[in-house]
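Below you'll find the structure, written out as structure tokens, and then a few comments.
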Amino acid sequence: MSENTTKQGKLIVYSGCSGVGKGTIMPYILKEFPDIQFSVSATTRAPRPGETNGVEYFFVSHEDFQQMVEDDGFLEYAQFCDNFYGTPKKAVEDTLSKGTSVILEIEVQGGANVIGKVPDCVSIFILPPSIEELERRLRKRGTEDEETILKRVSQASEELKSASIYKYNVVNDDLETAIDEVIAILRKELAE
Ligand code: 5GP
């Protein structure tokens with residue numbers, strides 16, 4: 001079979017407010033679908049304890065990030081709570097063209113951007129049962145200081161307004177149920 005006839009992989013846009021549990025659900029997705037490639041974003045945020053450069057993110061300086069923007073190196077990028085986050089374009093395109101599906105775990109400005117550019121992407125938004133519950137989970141996670149928690153909660157209220165542009169909305173009230181729902185969505189979409 002020539003390269004031109006290789007079926008493109010599916011682009012999956014996976015978003016949800018900070019603290020909603022999307023990062024908790026992600027390993028279950030990757031375990032269930034080992035062929036889906038996780039897109040490693042670049043960010044100017046400092047690594048959290050336990051995070052490794054090139055695994056969760058490429059941790060870069062503001063200057064390097066800016067250079068990638070100027071070089072048109074991002075499929076999308078956005079500013080989120082004082083930091084920049086972007087999806088390296090070439091890695092995603094190369095992977096999709098080999099027929100492998102790619103999942104982008106990105107916030108909603110970037111999500112809206114990708115949904116606009118790639119209308120046939122599979123878009124999933126994870127919602128919290130309520131803003132109060134989201135705030136409780138962010139505090140329990142304990143990875144952010146008080147100021148950042150409050151910024152992320154206020155950002156979340158804004159982000160929820162964009163949930164309707166995603167093809168699928170999944171409420172993470174009970175974790176197992178949410179995982180099952182996301183897996184069922186992907187099983188159906190990837191089979192098409
Ligand atoms: P965190 O700092 O908690 O790792 O991520 C903050 C937010 O940025 C999360 O909603 C995460 O999904 C999002 N994010 C991570 N990588 C990217 C990216 O490449 N582009 C965009 N637009 N958002 C991203």
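The values are calculated or read from the model by the stated rules, or taken from the named source; none is laboratory data. Nothing here was measured: the structure is a model prediction, and the numbers come from that model. With ideal geometry, Cβ positions are generated from the backbone for all residues, glycine too; neighbour counts draw on all protein chains shown. Ligands, DNA and RNA are stripped out before the accessible areas are found, and what is left, the full protein with its side chains, is counted by its heavy atoms. Shrake-Rupley method; radii C 1.70, N 1.55, O 1.52, S 1.80 Å.
Some points to look at:
- Residue within the stretch 8-15 that is at pLDDT below 95 and away from the ligand (no atom under 12 Å from the Cβ) present: yes
- If you go through the stretch 84-126 and keep only what is within 26 Å of ALA184 (Cβ to Cβ), of a type in the set (S, T, N, Q) and near the ligand (Cβ under 9 Å from one of its atoms), you end up with just THR87.
- Some residue of the stretch 176-188 being of a type in the set (A, V, I, L, M, F, W, C), surrounded by fewer than 18 Cβ atoms within 10 Å (Cβ to Cβ), over 17 Å from the mean Cα position of the chain (by Cα) and at pLDDT 95 or above: yes
- Members of the stretch 72-81 that are surrounded by fewer than 18 Cβ atoms within 10 Å (Cβ to Cβ) and more than 16 Å from SER15 (Cα to Cα): ASP72, GLY73
- Selection of the stretch 15-71 for residues being without any contact (Cβ under 8 Å) to a residue 40 or more places away in the chain, part of a helix (DSSP H, G or I) and buried (at least 16 other Cβ atoms within 10 Å of the Cβ) yields PHE65, MET68.
- Lone qualifier among ILE115, ILE103 - being within 13 Å of the chain's Cα centre (by Cα), outside any helix (DSSP H, G or I) and within 23 Å of VAL182 (Cβ to Cβ): ILE103
- Single residue of the stretch 157-173 satisfying the filter (in a loop (DSSP other than H, G, I, E, B) and open to solvent by less than 80 Å² (accessible area, probe 1.4 Å)) that is nearest to GLU189 (Cα to Cα): TYR166
- Residues of the stretch 169-188 that turn out to be within 16 Å of the ligand (Cβ to nearest atom) and either over 11 Å from ILE25 (Cα atoms) or touching a Phe, Trp or Tyr at 6+ places or on another chain (Cβ under 6 Å) (or both), as a count: 2
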